[in-house]
Amino acid sequence: MRTPNIDIEEIKRRREKLAKHIAVYALVLAAAPVEVRNNDVHHPYRADSNMFYMTGFEEPDSCFIFRPGQTPETVMFVRPKDELRETWEGFRYGIEQTPKLFSIDAVYDIAEFEAKAPELLNSCENIYYSLNKNHQFDPKMMQALEKTRALRGRTGRGMPGVADSYPLLGELRLIKSEYEIEQQTKACKISAEAHVAMMKAARPGMNERELHGLFIYEIMKQGAAREGYGSIMATGDNATTLHYTFNDCEIKDGDLILIDAGAEYNFYTGDITRTFPANGKFSDVQKDLYERVLKLQNQIIESVKPGVTFKQLNDMAIEGLVDIMLHYGLLKAPPQEIIKEGHYKKYYPHGIGHWLGIDVHDAGKTIVQGLPRAFEPGMIFTIEPGIYIPEKDESAPAALRGIGIRIEDNILVTENGHKNLTEGVPKEVAEIEELMNS
Ligand code: GLY
Ligand code: MN
Ligand code: MN
């Protein structure tokens, strides 16, 4: 018998918080669909982030309905126990165990969703459901809504309105609870230790795949279920592809290696990038460029405290990186013009960071009522300036071509400032070289 991977008291607190926002609404969340990989083989299953956030339930073919203040208030539709299917596919909590373990008032067979859901939705004026995200569940939901309209007959009420649940839950997920900060801190620590192991192991002649394998081994050894996103193991020019995923090239002497990888621990993911020399020693030009990016990253991290906004951090990053581009002659124009026209995007095409949590690019608004959102204690995000000069860029100085540098840490906003959750991976040149040569 398996046991839930969550603290049920934490889940109850989330539901209480949400109930304050959705008095006459119902929230409907569906499990992520199982996706075919090839023939009858499936991709590894990972629960939908919002479903996990509100229930802790990790099985496919399930649905959660939350009707604050009504009876039953929490309802789930799940796969029933089935000895034969469980022999092939593994354990199910079933209708008997789900209520107590996941604190659910009423649990039904998922096959009954279309029959039972209209009665449950009929008493709710509107419904929070994320349309067009779940190709398997959407048709069932449409049918349930149509049947709800039919139940209302000639009352003039019509079909319940549907609003997107994503921004609603995003607001809750954005401020991390104490429990979440613990999970996130552990995810960051595991990720950091795996980065250290990769730095120690990396050598010219290895394949990017070997580092990838080592990362997965190191994080799973420490209890991570999986990677939080597709890891980037990019040597040399590959580092200039932002979301490089082939991870199958030989590491050459003289290359810089850029690794962007994070462990997912209890559903919270780390998101760390480090860039280091394959042979354990930065060349003069690599060192000079790297240290400029590092100095900027440290300055941006130091500025984080409640009240600061992503807009301010983005502006700092753009100004600092444009200075670096001008220093090397990568761009030649007045800085104001480079910024206004966005010419810097040729070498820095992304933003300074993003919220981090159950999703690597986590939920939560960055703009509120038309204004940049001020940071608050409990928010967690990345800071990841970078510069990427492709080998094929003949307008760049030859010595810089084929270099991609990004340095990424995970930052928690605290009452008085911030805490860097990923400082366990060296990023100073001397520290990296010492580690690699120890
Ligand atoms: N690893 C994806 C990102 O840094 O946004
Ligand atoms: Mn990131
Ligand atoms: Mn990253």
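The values are calculated or read from the model by the stated rules, or taken from the named source; none is laboratory data. Nothing here was measured: the structure is a model prediction, and the numbers come from that model. Note that each Cβ is placed from the backbone with ideal geometry, even for glycine, and that neighbours are counted across all protein chains shown.
Values for this structure:
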{"item": "Yes/no for ALA32 being in contact (Cβ under 8 Å) with a residue 60 or more places away in the chain and either under 25 Å from GLY364 (Cβ atoms) or not acidic (Asp, Glu) (or both)", "result": "yes"}
{"item": "Meets criteria (surrounded by fewer than 18 Cβ atoms within 10 Å (Cβ to Cβ), at pLDDT 95 or above, outside any helix (DSSP H, G or I) and within 16 Å of ligand 3 (Cβ to nearest atom)) for GLY351", "result": "yes"}
{"item": "Verdict on ARG92 being at negative phi and surrounded by fewer than 16 Cβ atoms within 10 Å (Cβ to Cβ)", "result": "no"}
{"item": "Selection count where residues are within 18 Å of ILE407 (Cβ to Cβ) and assigned to a loop (DSSP other than H, G, I, E, B), scope region 252-279", "result": "5"}
{"item": "Residue count for region 256-274, restricted to those that are more than 10 Å from ligand 3 (Cβ to nearest atom) and closer than 28 Å to ASN5 by Cα", "result": "6"}
{"item": "Residues being away from ligand 3 (no atom under 16 Å from the Cβ) and surrounded by fewer than 23 Cβ atoms within 10 Å (Cβ to Cβ) - total across region 217-239", "result": "9"}
{"item": "Contacts under 9 angstrom Cβ, first residue in region 360-374 being over 20 Å from SER130 (Cβ atoms), partner surrounded by fewer than 11 Cβ atoms within 10 Å (Cβ to Cβ) and charged (D, E, K, R), 6 or more apart", "result": "none"}
{"item": "Cross-chain or 6+ apart pairs with Cβ under 6 Å, region 393-408 first and without any contact (Cβ under 8 Å) to a residue 24 or more places away in the chain, then outside any strand (DSSP E or B) and within 14 Å of ligand 1 (Cβ to nearest atom)", "result": "none"}
{"item": "Selection from region 376-419 of residues that are within 16 Å of ligand 2 (Cβ to nearest atom) and more than 20 Å from ALA363 (Cα to Cα)", "result": "PRO385, GLY386, ILE387, TYR388, GLY404, ILE405, ARG406, ILE407"}
{"item": "Top-ranked residue of region 240-258 - restricted to ones that are under 30 Å from GLN183 (Cβ atoms) and touching a residue at least 24 places away in the same chain (Cβ under 8 Å), ranked as surrounded by the fewest Cβ atoms within 10 Å (Cβ to Cβ)", "result": "LEU242"}
{"item": "Every residue from region 259-291 that is more than 27 Å from ARG209 (Cβ to Cβ) and surrounded by fewer than 19 Cβ atoms within 10 Å (Cβ to Cβ)", "result": "ASP284, VAL285, LYS287, ASP288, GLU291"}
{"item": "Subset of region 243-281 [over 22 Å from VAL293 (Cα atoms) and within 16 Å of ligand 2 (Cβ to nearest atom)]", "result": "THR245, ALA263, GLU264, TYR268, THR269"}
{"item": "Any hit, region 359-377, residues being within 16 Å of ligand 1 (Cβ to nearest atom), surrounded by fewer than 17 Cβ atoms within 10 Å (Cβ to Cβ) and over 19 Å from ARG292 (Cα atoms)", "result": "yes"}
{"item": "Residue within region 420-430 that is small (Gly, Ala, Ser) and within 14 Å of ligand 2 (Cβ to nearest atom) present", "result": "no"}
{"item": "Test: residue in region 355-362 that is over 26 Å from GLN183 (Cβ atoms) and not aliphatic (A, V, I, L, M)", "result": "no"}
{"item": "Condition check for ASN238: within 16 Å of ligand 1 (Cβ to nearest atom) and over 14 Å from the mean Cα position of the chain (by Cα)", "result": "yes"}
{"item": "Search result, residues across region 6-29 that are assigned to a loop (DSSP other than H, G, I, E, B) and within 22 Å of HIS361 (Cα to Cα)", "result": "ILE6"}
{"item": "Options TYR344, TYR388; residue that is assigned to a helix (DSSP H, G or I), touching a Leu at 6+ places or on another chain (Cβ under 9 Å), surrounded by 19 or more Cβ atoms within 10 Å (Cβ to Cβ) and assigned by TED's automatic domain parsing to the domain that holds HIS243", "result": "TYR344"}
{"item": "Region 1-33, subset within 19 Å of GLN143 (Cα to Cα) and among the aliphatic types (A, V, I, L, M), residue farthest from the chain's Cα centre (by Cα)", "result": "ALA26"}
{"item": "Residue within region 145-164 that is of a type in the set (D, E, K, R), surrounded by fewer than 13 Cβ atoms within 10 Å (Cβ to Cβ) and in contact (Cβ under 8 Å) with a residue 60 or more places away in the chain present", "result": "no"}
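Here's the yes/no breakdown for (1) farther than 30 Å from LYS365 by Cβ; (2) within 19 Å of the chain's Cα centre (by Cα); (3) at pLDDT 95 or above:
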position	(1), (2), (3)
MET142	no, no, yes
ASP164	no, no, yes
TYR179	no, yes, yes
ALA197	yes, no, yes
LYS200	yes, no, yes
ASN207	yes, no, yes
ILE219	yes, yes, yes
TYR229	no, yes, yes
MET233	yes, yes, yes
